[in-house]
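Just below is one structure, and these are the notes that go with it.
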Ligand code: SF4
């Protein structure tokens, strides 16, 4: 917060924008309040997943002047143009605000903005504006955005994005890789899309573009076990992919089926075996707990984790987080779970936030400690 004061004094901004997901939202709110304490005339704009889904609740808070909903680039530009040139705010699609002059309490949500069709038109993010030394992986790239053809109960992607997934051209992605190699001198890129191989044809074309880059570099990605096969994994490895994360979630087929994940534990084993043989650093991510978990399914999961570990996979286990917009959040009562958190700060996958139909909060806390010890997970 002290840095914030210094920055505001130096830059004298007209507008400050803050991006907030559910876990960082309250911190964002603190920053907004601090900004207004320093200078109440600075216009504050908040965007990100949390304001997009919890629009009305967020606008109830003092200090936030505008919300940018959904895809932010064009909307933010339109909003800035409108503020700077005193144009009517009514014309800016994709924003929400309180109509202060007309009626203090009336929340106005403008028409949605259209999604950007050609993502290649967007400039690369200017990472030099960030304190890069604070970031563990500064060289991360997003190559697509939009909805997902799957509908896992714990995932909010289809509430945040409507419509199909839009991809940048493989060439544009490769240009960004080259830009990062040149400007950050990085040799490690992290593709942060939730499913790197969502479209296999696209993936193959992207690999061809990456192969044309002369400077050697390594990269990592995440995907689903049903969207890779041996030839594709071999190609990815040859193109420099050193690490791959698979969303496994649980070792119980019954529980997997109950969350609409649409994969099988057998497929997980097959793919992890292939990936390890090829030479990937394989990471399997699990969630704890899931609504249908009972003692038996947790036992199965522990057994499965040990088996995957024995095959050479690395493991990670996060607490299931019922983010606003997810099936879990919207239907908690119907599926028989309680949401345990008392603050949005806890929605960070590091807090136990749900109990299950069969296991209480106390039982789950004890079990989590036991699993961590038994499987050898790092905290
Ligand atoms: S978890 Fe992955 S596969 Fe499931 S809906 Fe979300 S993005 Fe799609």
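The values are calculated or read from the model by the stated rules, or taken from the named source; none is laboratory data. Note that the structure is a prediction, hence the values are computed from the model and not measured. Glycine also receives a Cβ, built like all others from the backbone with ideal geometry; neighbour counts cover every protein chain displayed.
Hey, among 250, 220, 203, which residue is within 25 Å of the chain's Cα centre (by Cα), modelled with pLDDT of 95 or more and closer than 30 Å to residue 358 by Cβ? Write out each step before concluding.
Working: 220 fails: closer than 30 Å to residue 358 by Cβ; 203 fails: closer than 30 Å to residue 358 by Cβ.
Answer to the selection: 250.
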All positions within segment 60-70 that are at pLDDT below 95 and on the phi < 0 side of the Ramachandran plot: 60, 61, 62
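Which ranges mark the helices (runs of 4 or more DSSP H) fully within segment 157-223 that have 2 or more residues being more than 16 Å from the ligand (Cβ to nearest atom) and in the same structural domain as residue 246 (by TED's automatic domain parsing)? Steps first, please.
Values: elements: 157-160, 170-183, 200-211.
The helices (runs of 4 or more DSSP H) meeting that bar are 170-183, 200-211.
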So which residues in segment 239-266 are within 13 Å of the ligand (Cβ to nearest atom) and under 30 Å from residue 213 (Cα atoms), if there are any at all? 245, 246, 247
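Among 362, 379, 357, which is more than 30 Å from residue 243 (Cα to Cα), at pLDDT below 95 and not in a strand (DSSP E or B)?
On the way: 362 fails: at pLDDT below 95; 379 fails: more than 30 Å from residue 243 (Cα to Cα).
None of the other options fit; the residue is 357.
Quick grid of which residues meet (1) assigned by TED's automatic domain parsing to the domain that holds residue 213; (2) more than 17 Å from residue 22 (Cβ to Cβ); (3) part of a helix (DSSP H, G or I):
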residue	(1), (2), (3)
246	yes, yes, no
275	yes, yes, yes
283	yes, yes, no
302	yes, yes, yes
316	yes, yes, no
329	yes, no, yes
337	yes, yes, no
Return the total of residues in segment 118-134 being more than 22 Å from residue 50 (Cα to Cα) and either without any contact (Cβ under 8 Å) to a residue 40 or more places away in the chain or within 17 Å of the chain's Cα centre (by Cα) (or both). 8
Unmet criterion (only one of (1) closer than 26 Å to residue 335 by Cβ; (2) assigned to a strand (DSSP E or B)) for residue 290: (2)
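Kindly check whether there is at least one residue in segment 122-139 that is outside any loop (DSSP other than H, G, I, E, B) and either within 27 Å of residue 225 (Cα to Cα) or in the same structural domain as residue 71 (by TED's automatic domain parsing) (or both). Steps first, answer last, please.
Initially, segment 122-139 is screened for residues outside any loop (DSSP other than H, G, I, E, B), giving 127-129, 132-134.
From what's left, either within 27 Å of residue 225 (Cα to Cα) or in the same structural domain as residue 71 (by TED's automatic domain parsing) (or both): none.
Among the residues of segment 122-139, not one is outside any loop (DSSP other than H, G, I, E, B) and either within 27 Å of residue 225 (Cα to Cα) or in the same structural domain as residue 71 (by TED's automatic domain parsing) (or both), which makes the answer no.
Would you mind stating whether residue 326 is in contact with a strand residue (DSSP E or B) (Cβ under 9 Å, 6 or more places away or on another chain) and surrounded by 15 or more Cβ atoms within 10 Å (Cβ to Cβ)? Show your work before the answer.
Values: in contact with a strand residue (DSSP E or B) (Cβ under 9 Å, 6 or more places away or on another chain): no; surrounded by 15 or more Cβ atoms within 10 Å (Cβ to Cβ): yes.
No.
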Please enumerate the residues belonging to segment 140-155 that are near the ligand (Cβ under 8 Å from one of its atoms) and either farther than 30 Å from residue 175 by Cα or not in a loop (DSSP other than H, G, I, E, B) (or both). 151, 152, 154, 155
